[in-house]
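Q: One structure, pasted below without further comment.
The values are calculated or read from the model by the stated rules, or taken from the named source; none is laboratory data. Small disclaimer: the values here were computed from a predicted structure and weren't measured. All Cβ positions, even for glycine, are placed from backbone atoms using ideal geometry, and neighbour counts span all protein chains on display.
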Amino acid sequence: MAEPGVRASHAAASARSCLVCAISVLVVIALGLASRRFPALVPDVLGKYPGDALWTVMVFFIWAALLPRQAAWRLAAWALATSFAVEFFQLVQAPWAVALRSSTLGRLALGTTFGWTDLIAYTVGAAIAWLADALLFARQRFRKA
């Protein structure tokens, strides 16, 4: 049962553990890097898109670690908005932006080439993150209720 004056969605979200979110970020990074390093692990038809979807999952859990009391739908929306913003930033070809994306870290964090289909992968990633959040924290929420 939620505390008086606290909406149920916020009470449920309060059970989200920052440690679990941080571990989730590390696991998702490992999966994303593995999807690019070992493409044979991913069906050919999916191409690079699992890595794009995982990028949004990672962003979701970063937001969740920073704002653990937020509702999952809100975190998914922020992760999707962040992912879209980074994707559209790839259209900026100013010398400083190109230089920023030329390093390995810059390329991994910011990408290099805009693609409309990446936006679909990010949307799928936000939905997966929302579901993963529900699965990871459902037992904790159920215990609090």
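Q: Residue pairs, Cβ under 9 Å, 6 or more apart or interchain, first in segment 90-114 and surrounded by fewer than 10 Cβ atoms within 10 Å (Cβ to Cβ), second of a type in the set (A, V, I, L, M, F, W, C). List them.
A: Taking only residues 6 or more apart or on different chains, the pairs are 91/114.
Q: Search segment 44-83 for residues being modelled with pLDDT under 95 and of a type in the set (Lys, Arg), and hand back the single one that is nearest to residue 138 (Cα to Cα).
A: Among residues in segment 44-83 that are modelled with pLDDT under 95 and of a type in the set (Lys, Arg), the one nearest to residue 138 (Cα to Cα) is 69.
Q: Where in segment 40-145 are there helices (runs of 4 or more DSSP H), lying fully within it, with 2 or more residues that are of a type in the set (A, V, I, L, M) and in contact with a Phe, Trp or Tyr (Cβ under 6 Å, 6 or more places away or on another chain)? Don't jump to the end; show me each part of the working.
A: Working: elements: 49-66, 72-89, 95-101, 104-110, 116-144.
Because the criterion is at least 2 residues that are of a type in the set (A, V, I, L, M) and in contact with a Phe, Trp or Tyr (Cβ under 6 Å, 6 or more places away or on another chain), the helices (runs of 4 or more DSSP H) in segment 40-145 that meet it are 72-89, 116-144.
Q: Still on this model: Out of all the residues in segment 29-39, which are hydrophobic (A, V, I, L, M, F, W, C) and part of a helix (DSSP H, G or I)?
A: Within segment 29-39, 29, 30, 31, 33, 34 qualify.
Q: Are any of the residues in segment 6-21 outside any helix (DSSP H, G or I), polar (S, T, N, Q) and at pLDDT below 90? Full working, then the answer.
A: Step one: filter segment 6-21 for residues outside any helix (DSSP H, G or I), giving 6-7, 14-17.
When the remaining residues are screened for being polar (S, T, N, Q), the result is 14, 17.
So of that shortlist, the ones also at pLDDT below 90 come out as 14, 17.
For segment 6-21, residues outside any helix (DSSP H, G or I), polar (S, T, N, Q) and at pLDDT below 90: present.
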